[in-house]
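Working notes, structure below.
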Amino acid sequence: VIAVSQPEVDFSNAAKIVFYLPSQWTLSIQPAEGWLSMQQRTSIFVICTFNIAFLFALVYSLYQMLACGRKLRESSTRDVQTGLYNRSGFTSAVNRWLADGRKMVLFYYVFEEYSRMALLLEPGQERDLLKSIPSRLQEYIQSPFIAGRLGAGSYMVAVWEDMDTHQREAFAKGLSLELLLKMYLDEKKVFLTARCQYVSCLPGTVRAEEAVTGLLRDYYVRVLQESPARMLTAKCRRLIEGQ
């Protein structure tokens with residue numbers, strides 16, 4: 001093979017090169033099939049293919065690990081039986097809304113007899129009952145909302161809407177009827193209604209944890225004041241005082 005001595009000319013795969021002879025030239029000899037044999041080329045191809053497959057497997061494993069981590073984080077903020085947020089997930093979602101400057105109203109619903117009635121239900125009946133809660137919320141609430149299950153028979157809903165007192169009261173009663181639980185105990189139909197407490201939540205004034213804790217406190221203070229034993233005691237005290 002006769003070739004020019006120019007550094008930009010590539011002879012790695014050259015079996016034949018056509019050129020015009022310059023004033024200076026050199027004579028070089030190389031294998032007709034190039035400097036790499038077929039066996040070497042096959043080995044390089046196999047090694048490169050293996051490395052590519054290994055990199056793809058590594059990327060896929062990393063993706064699966066991140067996906068599993070994301071699912072674990074999501075499951076830690078969800079209630080298993082209903083799919084709604086648990087308390088920590090609910091407060092985190094409400095905090096995100098407050099950070100975006102959204103006004104909202106928090107509604108707290110309690111089925112006071114649920115814990116006692118749930119002990120008498122069959123597992124399948126309770127599972128179907130709890131699975132129906134998210135769809136009921138979706139059907140009734142037209143505005144954006146966040147829903148969470150705080151306990152066995154207690155739920156909290158944050159509705160992204162600026163309501164007046166009349167609208168809040170109407171919404172609370174309407175959703176209480178929508179969440180009416182129908183159970184069958186000893187072949188008898190039993191209905192459980194939810195009691196409700198609500199409060200407006202403005203961005204920049206309170207954190208979600210404080211709003212939720214304050215709402216729960218207000219509800220149970222009201223329940224304590226409305227309990228029959230407390231009312232009877234207050235009436236007896238007034239009778240004793242001559243009132």
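The values are calculated or read from the model by the stated rules, or taken from the named source; none is laboratory data. Keep in mind that what you see is a predicted model, and the values were worked out from it rather than measured. Heads up, the Cβs are rebuilt from the backbone with ideal geometry, glycines too, and the neighbour counts pull from every protein chain shown. Remember, those area values only see protein heavy atoms, side chains included, never the ligands or the DNA or RNA. Shrake-Rupley method; radii C 1.70, N 1.55, O 1.52, S 1.80 Å.
Structure above, values below:
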quantity	calculated
Rounded percent of accessible protein surface that carbon and sulfur make up, the chain, 1.4 Å probe	60
The range 91-243, dipole about Cα centre (Lys/Arg Cβ +1, Asp/Glu Cβ -1), debye to the nearest 20	320
Backbone HN-Hα couplings from phi across the range 232-243 [Karplus 6.51/-1.76/1.60, Hz, Gly and Pro as x]	5, 4, 5, 5, 4, 5, 5, 5, 5, 7, x, 9
Label-point gap, in nm, between Ile240 and Thr205 - each point 7 angstrom along Cα→Cβ	4.1
Evaluated at q = 0.15, 0.22 Å⁻¹: base-10 log I(q)/I(0), Debye formula over Cα of the range 169-217	-0.59, -0.85
The chain: angle of helix 38-75 to the longest principal axis, Cα-based, in degrees nearest 10	10
Estimated inter-spin distance, Tyr140 and Val221, nm [label 7 Å along Cα→Cβ]	2.6
Charge dipole (debye, nearest 20) of the range 62-123; +1 at Cβ of Lys and Arg, -1 at Cβ of Asp and Glu	400
Accessible surface, the chain, averaged per residue in Å² (probe 1.4 Å)	68
Sequence of Glu226, Glu126 from largest to smallest accessible area, 1.4 Å probe	Glu226, Glu126
Average silhouette area of the chain, convex hull of alpha-carbon atoms, in square nanometres	28.7
Nearest-ten-degree value, helix 208-226 long axis tilted from longest Cα axis of the chain	20
Accessible surface ranking that places the most exposed of Trp35, Trp160, Trp97 first, with a 1.4 angstrom probe	Trp35, Trp160, Trp97
Packing-based order for 193-200, 77-84, using average beta carbon neighbours within 10 Å, highest first	193-200, 77-84
Degrees, to the nearest 10: 165-178 long Cα axis against longest axis of the chain	80
When the range 87-190 is reduced to its Cα atoms, the Kirkwood hydrodynamic radius in Å	15.0
Extension gain, Ile44 back to Arg195 (0.36 nm per residue minus Cα-Cα distance, nm)	47.0 nm
5 angstrom amide H check on Thr77, placed H, neighbours 5+ away	none
Given charges at Cβ of Lys, Arg, Asp, Glu: the chain dipole, positive-most of Val157, Met231, Leu36	Met231
Residue-averaged [θ]222 nm for the chain, counting only DSSP H segments that reach four residues, each worth -39500 (n - 2.57)	-16500 deg cm²/dmol
